[in-house]
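Taking it in order: structure first as structure tokens, then the write-up.
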Amino acid sequence: AREYYGAAVYIRKTKMADGIIYLSSFSCGIDSIITELIKCENDEFPFMVLKLDEHTGEAGYDTRLDAFSDMLKRRKTKFARYVS
């Protein structure tokens, strides 16, 4: 848990990525705490949590990932206009 949190903070501070997708096997336990800590630390940084288990199936994950990717592209374009 400490490594996940540290990695998320490091990725944001060093701008290694445009966003983070956190894969969680369940919505209880340490994952529920870590995801909230990451959200608080990375206030304006795009962060998506995908919760996977054998009961949810695969429906919708492609759509969510596509939407997250599209949002990152729009953010980059928006910020590029302000920098130029």
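Summing charges over all other residues whose Cβ lies under 11 Å from the Cβ of Y10, with Lys and Arg as +1 and Asp and Glu as -1, gives +1. Looking at the range 18-49, the GluC sites (Glu not before Pro) that sit in a DSSP loop and have at most 14 other Cβ atoms within 10 Å of their own Cβ are E44. Legend: residues I30, I21, I11, sorted from most to least accessible area (1.4 Å probe; ligands, DNA and RNA excluded), read I30, I21, I11. Residues whose amide H comes within less than 5 Å of that of V49, counting only those at least five positions distant or on another chain, are Y22 (H built at 1.01 Å from N in the peptide plane).
In the assembled protein chains, R75 presents an accessible area of approximately 80 Å² (probe radius 1.4 Å).
The values are calculated or read from the model by the stated rules, or taken from the named source; none is laboratory data. Every value quoted in this text rests on a predicted model; they were computed, and no experiment measured them. No Cβ is skipped: glycine too gets one built from the backbone with ideal geometry, and neighbour counts run over all protein chains shown. For accessibility, only protein heavy atoms count, side chains too; no ligands or nucleic acids. Shrake-Rupley method; radii C 1.70, N 1.55, O 1.52, S 1.80 Å.
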